[in-house]
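See structure below.
The values are calculated or read from the model by the stated rules, or taken from the named source; none is laboratory data. Nothing here was measured: the structure is a model prediction, and the numbers come from that model. No Cβ is skipped: glycine too gets one built from the backbone with ideal geometry, and neighbour counts run over all protein chains shown. In case anyone asks, the SASA skips ligands and DNA or RNA and just uses the protein heavy atoms, side chains included. Shrake-Rupley method; radii C 1.70, N 1.55, O 1.52, S 1.80 Å.
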Amino acid sequence: MPDNLDDFLKDLQDKINKDTVKDYGQKAFDIWTNPSNMRSMENPDGYGRITGPCGDTMEIFLKFEKDTVKKASFQTDGCGPSMICGSLAAELAFGKTTDELKEITNKTILETIGGLPKGDQHCALLAANTLQEAVKNYIKVQNLEGTKNGERKMY
Ligand code: FES
C-alpha cells in the first residue's frame, strides 16, 4: 500500500484503466478517454436525438456536401460505452452518402469496436438509431427544399 494519497490515487487509477482495457479493449479505452467527435454543431443538415430505454440521451449532428457527410459529431449524457459508440457512429458516418449511411447499424458499430460486454451492447443500438434519425432528418429536409424549389428529390 503506497504511503501517500497521491500515490494511492495513481495506483487506483492505473488499476481502473487496466481493468477497463481488459474488459473493453484498447481501442474502446482510447476513444473513451479522448472522444474526438464529441461536440455540438451549429446548423447541422441532419440532426437526430433519441433517449433510450435506459434514460440516456444521444444527439448526432451531420453536415453534408454534395450528399456526402463532411462533418459528423455527437453528444450524450450517457455512460462510457455510449460515448464510445456515439464517437464511432460519427466516425463511421464521415465520407458516406445517404445510401451508405443507411447500412450503419448497431452491429457495424460493435464490429468496429471489436465487441462490447453484453450489458453494454444496447449503447451501440442507441448510437445507430440516433444516426439513422439524423439521416432521416436530412432526407426529409432535402425533400422539403426540393418541393419548395419546384423539384422533388426522391431518396
Ligand atoms: Fe444508456 Fe449506455 S447505459 S446508453
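For segment 3-49, enumerate the residues that are over 15 Å from residue 87 (Cα atoms) and β-branched (Val, Ile, Thr).
If the condition is that a residue be over 15 Å from residue 87 (Cα atoms) and β-branched (Val, Ile, Thr), then 16, 20, 21 are the ones that fit.
Give 62, 110 a once-over and let me know the one that is within 16 Å of the ligand (Cβ to nearest atom) and either without any contact (Cβ under 8 Å) to a residue 24 or more places away in the chain or not hydroxyl-bearing (Ser, Thr, Tyr) (or both).
Result of the check over 62, 110: 110.
Considering only residues of segment 89-109 that are touching a strand residue (DSSP E or B) at 6+ places or on another chain (Cβ under 7 Å) and over 15 Å from residue 136 (Cβ atoms), which is least open to solvent (accessible area, probe 1.4 Å)?
90
Out of (1) under 14 Å from residue 45 (Cβ atoms); (2) open to solvent by less than 70 Å² (accessible area, probe 1.4 Å); (3) in contact with a Gly (Cβ under 8 Å, 6 or more places away or on another chain), what's the single condition that is false for residue 75?
Condition (1) is where residue 75 drops out.
Taking segment 17-31 only, how many residues are open to solvent by less than 80 Å² (accessible area, probe 1.4 Å) and of a type outside the set (Gly, Ala, Ser)?
8
Answer yes or no: is there a residue in segment 10-17 that is touching a helix residue (DSSP H, G or I) at 6+ places or on another chain (Cβ under 8 Å) and modelled with pLDDT of 95 or more.
The answer is no; no qualifying residue exists.
If I go through segment 116-132 residue by residue, how many of them are within 15 Å of the ligand (Cβ to nearest atom) and either open to solvent by 70 Å² or more (accessible area, probe 1.4 Å) or not aliphatic (A, V, I, L, M) (or both)?
Going through segment 116-132 one residue at a time, the tally reaches 10.
What is the number of the single condition among (1) closer than 21 Å to residue 24 by Cβ; (2) open to solvent by 40 Å² or more (accessible area, probe 1.4 Å); (3) at pLDDT below 95 that residue 152 does not meet?
Against the list (1) closer than 21 Å to residue 24 by Cβ; (2) open to solvent by 40 Å² or more (accessible area, probe 1.4 Å); (3) at pLDDT below 95, residue 152 comes up short only on (1).
Each row is one residue, and each column tells you yes or no for (1) aromatic (Phe, Trp, Tyr); (2) on the phi < 0 side of the Ramachandran plot; (3) away from the ligand (no atom under 16 Å from the Cβ).
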site: 12; (1), (2), (3): no, yes, yes
site: 24; (1), (2), (3): yes, yes, no
site: 35; (1), (2), (3): no, yes, no
site: 71; (1), (2), (3): no, yes, yes
site: 81; (1), (2), (3): no, yes, no
site: 84; (1), (2), (3): no, yes, no
site: 91; (1), (2), (3): no, yes, yes
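For segment 40-64, give me the residue count where each residue is more than 16 Å from residue 79 (Cα to Cα) and in a loop (DSSP other than H, G, I, E, B).
Residues that pass the stated criteria total 6.
Looking at (1) open to solvent by 20 Å² or more (accessible area, probe 1.4 Å); (2) in contact with a helix residue (DSSP H, G or I) (Cβ under 9 Å, 6 or more places away or on another chain); (3) without any contact (Cβ under 8 Å) to a residue 60 or more places away in the chain; (4) away from the ligand (no atom under 16 Å from the Cβ), can you tell me which one residue 51 breaks?
If we test residue 51 against (1) open to solvent by 20 Å² or more (accessible area, probe 1.4 Å); (2) in contact with a helix residue (DSSP H, G or I) (Cβ under 9 Å, 6 or more places away or on another chain); (3) without any contact (Cβ under 8 Å) to a residue 60 or more places away in the chain; (4) away from the ligand (no atom under 16 Å from the Cβ), just (4) comes out false.
Taking residue 70 as the residue in question, decide whether it is part of a strand (DSSP E or B) and either among the acidic types (Asp, Glu) or open to solvent by 70 Å² or more (accessible area, probe 1.4 Å) (or both).
Here the answer is yes, as residue 70 does meet what is asked.
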